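Working notes for the structure below.
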Amino acid sequence: MVFVEMGRRKRRSVFNVDGVMDFFNNVMMEKPYLPLLIPLVLMLWALEKWIFSLSNWVPLVLAVWVTVQHRNHQHRMAVEDLNEKWKRFALSSSPKTPLEHCEWLNKLLIEIWSNYINPKLSLRFQSIVEKRLKRNKSRLIEKLELLEFSLGSSPPWLGLQGTRWSTFGDQQVMRLGFDWDTTDISIMLLAKVAKPFFGTAKIVINSLRIKGDLLLMPILDGKAILYSFISTPEVRITVTFGSGTELPGVSSWLVKLLTDTLAKTMVEPRRQCFSLSAVDLRKKAVGGIVYVTVISGNKLSRSSLKGSPSRRQPSSGVDGLREHSDDKDLQTFVEVELGELTRRTNVRPGSSPQWDSTFNMILHDNTGIVRFHLFEHTPGRMMCDYLASCEIKMRYNTDDSTTFWAIGPDSSVIARHSESCGKAVEMVLPFEGVNIGELAVKLVIKEWQFSDGSLSFNNLRVSSQPSLNGSSNFLPGTGRKIIVTVVEGKDLITKDKSGKCNPYVKLQYGKVLQKTKTAHSFNPVWNQRFEFDEIGDNEYLKIKCYTEEVFGDDSIGSAHISLEGLVEGSPRDVWIPLEKVNSGELRIQIEAVRIDDYEGSRGSSYSGNGWIELVLIEARDLVAADLRGTSDPYVRVQYGNLKRRTKVMYKTLNPKWHQTLEFPDNGNPLELHVKDHNAVLPTSSIGDCVVEYQRLPPNQMADKWIPLQGVKRGEIHIQVTRKVPELEKKPSVDPDTSLTKAHQISSQMKQMMIKLQSLIDDGILEGISTPLSELEALQDMQEEYMVQLETEQMLLLNKIKEVGQEMLNSSPSLSRNSFGS
C-alpha cells in the first residue's frame, strides 16, 4: 500500500512539516467540499470492509488524488514565485519614458545658482556642517569654530548621461547622475589644537568633488520627494592651512566624515525628504514633542531574525517543530531611540507580542529619526540578544504639516502625512536585513516649537506675547535673564541595592552650574528656582540627575533643552524625559525676562542709593570636615569686590551666627561660602550658595533657607532686605558714638595682638587658633563698620544734593543769581 510504503520511507527521508501543513491548508482553501468528501470515503471504505468487499481501488484512488493535488500545488507555487520575480525585474528595468538629456536643466541651474540657490543652501548647510564637525572632532582638535561657509559659484552637473523615469514596484523613480567638482568653494574653520600640543590652525576647504547617481522618488501624491544615492558616492576634498599650526591627517578625516555621513543618511535605502508644500508659513521649527507607541509585533522568529534567510539551511520536520516550539517561548522587548533618548517596553512572550507602550520623546530640531531595536530577553541572563531594527524619519513642513517615511518591504517606501499636530500616524514596519518580522507603531506629534516662541499643537498655532517694547523677541547674546524652575520628577530609577532613591538635579548653562537640594523619593518635588544670564548662540541648558549614595553619587539620567525661541512673559512648562536611562522625567519651567523688566520688578534700579542688609542667622545639617565628625564653620560673604566673614563656631554642624552685614545696592551677585576653619591647614569648603535679592520689593525682608551647592547636604538660614535710600528712616551716625566704637574695636585688636604675642613667646601653639579667629572677626567687624560709614556718607551726600536741587527749583531768583554769577 502507498501509506505503508510512505511510512517505511519516513525513516530514510526527511520531509518538511511546514510544507505539509501549508499544502493541506491550501487544499482546504481551494477544495471547500473536502470535509464532506472525507467522511463519504470513510463510509464507503467501512461498507467495503465489513459488509461486502468491493476491491482495493479506494485507497489507490485516494493516493493518486493526493499525489496529483500535491503536484498541482507545487507547480502553482513555482509559477507564482516566477511571475513575481519577473514582475519585479520587468518593472525595475523597463523605462516609462525615453532617455532625456539635461542640458537645459544644467543651464537653468547655472543661471539661478549664484543669486538664489547658493545663498539658501549655504545658510541651510552651515548649521548642519558646524554641528557635525563639533560632534565628530578629530583627536588632534580640542575646539572647532566655523568662520566662513560658501558653496561657491559653480553648481553641480545633473544627468550628464541623461535621465528617465522608471518604476520600482508601484513607485515611480528617476535616476539622475550627480557630479559636483568645484574649486571656488570657501569653507574656513578655526581649530584649537588639543593637548599636549598648543596653538590654533585655520583650515580652509577650497576644493570639493562628489560624484554618484541619485534616485528621486515623489511620494504622497507629489507633496514631497525622497532623494538618495544608489551607492556611496566618490568624495574628494582639498585642504589648505592659513596662519597657525598645520594639522596632519585633516584632509582624510574630513573625507571620511563626509563619506560616512552620506552613507548613513542618504545612500539606499536611507533617504532624505524634500517637502513641496503649497503654503509657506515662514516658521522655523526648533524642537517638538512626539508620543511614540509601540503596538505589537508579528511573525517574530528567533532563527529568522538572528541570521540572514539566505544563509540558513532548510530545516527538517523535527527541527521545524522545535523552532515553532522555541518561538512560543520567545520573550522580546523593543527599545525606542530618538537622539540620545532611549525607552524600552515591557517583555512580552510569543511570536506576535502585544506591547502597547507609549513614550514621551523630545525633538531638538525640525527633523528626527525614531529607531526601534528588537531584543530577546532570556530569564536568568544579564545580557539581552539583539535581533533586528527598523526606523521612521520625520520632518516638519513649512505648511505646519509633518511627513513620516520609512523603509518598506524589499526596500520600498512607506510614507505618511499628518496635516496638523495631534493626529496619529500608524505604520507597520518590516525589520531591516531580514525577510520576516513586522512591527506596528503609532506616532503623534504633540507640538512643534518655533524660533519666535510660538507653538503649534492640536491644529492651533499659539503665538507668544510680544515683547514690551515691540522689538525682536529673540535677542542673541546678552540682554535677558533665563529663569529655570526645577519643579518635580517622576518614575526616577535607582541603582541602590536597598531600593532607595535620593535624587538631585544639576543645571549647566554655559559655564554656570546650579544644583537643587536632595529629595528622598522616586517622584520628588523640588520647586527650586535658578537664574542665568542669557548667552544666545543656540546654547543648550544641560540637565543631569543624580542619586545620592554613600560611596559616590550615581547618574540616573540627563537631558538638554534648546532655549531658542523663548519670549518674555510666556514661560514654558514641559516634562523632559531623561536620556541614557529607561525611565524618568523632570518637569521644568523656563522663562525669559528682559533685564530692563527684571530690574524694574525690583522696585528701583541700581542707582547706588540703597543698601543690602543681610542677616546670617544659622545653618543646619552641614557636612563634617574634620576627622572627629564635626566642623568649625564660618561664612565668607562676597559681594562684588567686597568680602566679609562671620565669626567661627567651633565643633558643630548646626552653627548659629546671628550676624548682620550691609552692602551698597549696586546689583552685584551676593555669594555665601561656608568654610571650615583650620589654624594650620588651608580652609576647606563645606558648601556655597547665591542669595537672590534683586527682585525683592523695597524694605521687605525675605526669610529663607537656602540649600548649599557643591556638597551632599546642608542649608543656611538668612534674612535679606533691600533698603531704600530714605535718610529719615536710617539713623545718622553720631560722631561721638562712632568715635567710641572705633576706639573700642582698635583697643580689642591691640589686646588680641598682645595675647597672641604672649602665646607665641610661651610656645603654646595649640592655643593660637582662638585668638587668631577672634582677631579675624574683629578685622571683619572693622571693615563692616567702615562700609557702614561709607554708606551713610553716600546717603548724606545724595540727600544734600536732592535738597539743594529742590531749593534751586523752588527759588527762581536764586537760580538766576547762580547762573548770573
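Which of the strands (runs of 3 or more DSSP E) found entirely inside region 149-221 contain at least 2 residues meeting this: modelled with pLDDT of 90 or more and in the same structural domain as V239 (by the TED database)?
It comes to 171-182, 200-219.
Which condition breaks for L566 when tested against (1) open to solvent by 20 Å² or more (accessible area, probe 1.4 Å); (2) modelled with pLDDT under 85; (3) under 20 Å from Y540 (Cα atoms); (4) hydrophobic (A, V, I, L, M, F, W, C)? Only one criterion in (1) open to solvent by 20 Å² or more (accessible area, probe 1.4 Å); (2) modelled with pLDDT under 85; (3) under 20 Å from Y540 (Cα atoms); (4) hydrophobic (A, V, I, L, M, F, W, C) is unmet by L566, namely (1). If the condition is being in a strand (DSSP E or B), under 19 Å from the mean Cα position of the chain (by Cα) and crowded, with 17+ Cβ neighbours inside 10 Å, then region 340-366 contributes L341, T342, R343, R344, F359, M361, I362, L363.
Scanning region 176-200 for residues that are more than 23 Å from S122 (Cα to Cα) and in contact with a strand residue (DSSP E or B) (Cβ under 6 Å, 6 or more places away or on another chain) turns up K192, A194, G199, T200. Within region 412-432, which residues are over 23 Å from L215 (Cβ atoms) and outside any strand (DSSP E or B)? Listed by number, the residues that qualify are E419, S420, C421, G422, K423. The number of residues in region 411-437 being more than 27 Å from the chain's Cα centre (by Cα) and open to solvent by 40 Å² or more (accessible area, probe 1.4 Å) comes to 4.
Residue count for region 397-410, restricted to those that are in a loop (DSSP other than H, G, I, E, B) and under 25 Å from the mean Cα position of the chain (by Cα): 4. Here T238 clears all of (1) open to solvent by less than 40 Å² (accessible area, probe 1.4 Å); (2) of a type in the set (S, T, N, Q); (3) part of a strand (DSSP E or B) except the condition numbered (1). So for region 623-630 (the condition being of a type in the set (V, I, T), touching a residue at least 24 places away in the same chain (Cβ under 8 Å), in contact with a strand residue (DSSP E or B) (Cβ under 8 Å, 6 or more places away or on another chain) and under 19 Å from V550 (Cα atoms)), does at least one residue qualify? Scanning region 623-630 turns up at least one residue that is of a type in the set (V, I, T), touching a residue at least 24 places away in the same chain (Cβ under 8 Å), in contact with a strand residue (DSSP E or B) (Cβ under 8 Å, 6 or more places away or on another chain) and under 19 Å from V550 (Cα atoms). The set of residues in region 223-235 that are of a type in the set (G, A, S) and open to solvent by 40 Å² or more (accessible area, probe 1.4 Å) contains only S231.
Of all the residues in region 693-710, those that are assigned to a loop (DSSP other than H, G, I, E, B) and either at pLDDT below 80 or farther than 18 Å from K506 by Cα (or both) number 9. Inside region 386-410, can you point out the residues that are touching a Phe, Trp or Tyr at 6+ places or on another chain (Cβ under 8 Å) and open to solvent by 40 Å² or more (accessible area, probe 1.4 Å)? Answer for region 386-410, where residues must be touching a Phe, Trp or Tyr at 6+ places or on another chain (Cβ under 8 Å) and open to solvent by 40 Å² or more (accessible area, probe 1.4 Å): just Y386. The number of residues in region 675-689 that are under 35 Å from the mean Cα position of the chain (by Cα) and either over 22 Å from V711 (Cβ atoms) or buried (at least 18 other Cβ atoms within 10 Å of the Cβ) (or both) comes to 4. Taking every residue in region 506-526 that is closer than 21 Å to K490 by Cα and pairing it with any residue that is among the acidic types (D, E) and open to solvent by 70 Å² or more (accessible area, probe 1.4 Å), at least 6 positions away or on another chain, the pairs with Cβ-Cβ distances below 8 Å are F522/D491; N523/D491. Each residue in region 612-662 was checked for being open to solvent by 10 Å² or more (accessible area, probe 1.4 Å) and over 16 Å from H677 (Cα atoms), and 15 of them qualify. Checked against the criterion of being within 30 Å of E568 (Cβ to Cβ), in the same structural domain as R343 (by the TED database) and either at pLDDT below 85 or part of a strand (DSSP E or B) (or both), the candidates K393, K446 yield just one match: K446.
Any chance you could count how many residues in region 130-148 are in contact (Cβ under 8 Å) with a residue 40 or more places away in the chain, open to solvent by 40 Å² or more (accessible area, probe 1.4 Å) and either touching a strand residue (DSSP E or B) at 6+ places or on another chain (Cβ under 7 Å) or part of a loop (DSSP other than H, G, I, E, B) (or both)?
The qualifying residues number 8.
Just one of the listed residues (S570, S562, S555) is closer than 27 Å to S456 by Cα, within 20 Å of the chain's Cα centre (by Cα) and of a type in the set (S, T, Y), namely S562.
The values are calculated or read from the model by the stated rules, or taken from the named source; none is laboratory data. This one's a predicted model, so the numbers in the text were calculated from it and none came from an experiment. For neighbour counting, all protein chains shown are included, and Cβ atoms are generated from backbone atoms with ideal geometry for every residue, glycine included. Ligands, DNA and RNA are stripped out before the accessible areas are found, and what is left, the full protein with its side chains, is counted by its heavy atoms. Shrake-Rupley method; radii C 1.70, N 1.55, O 1.52, S 1.80 Å.
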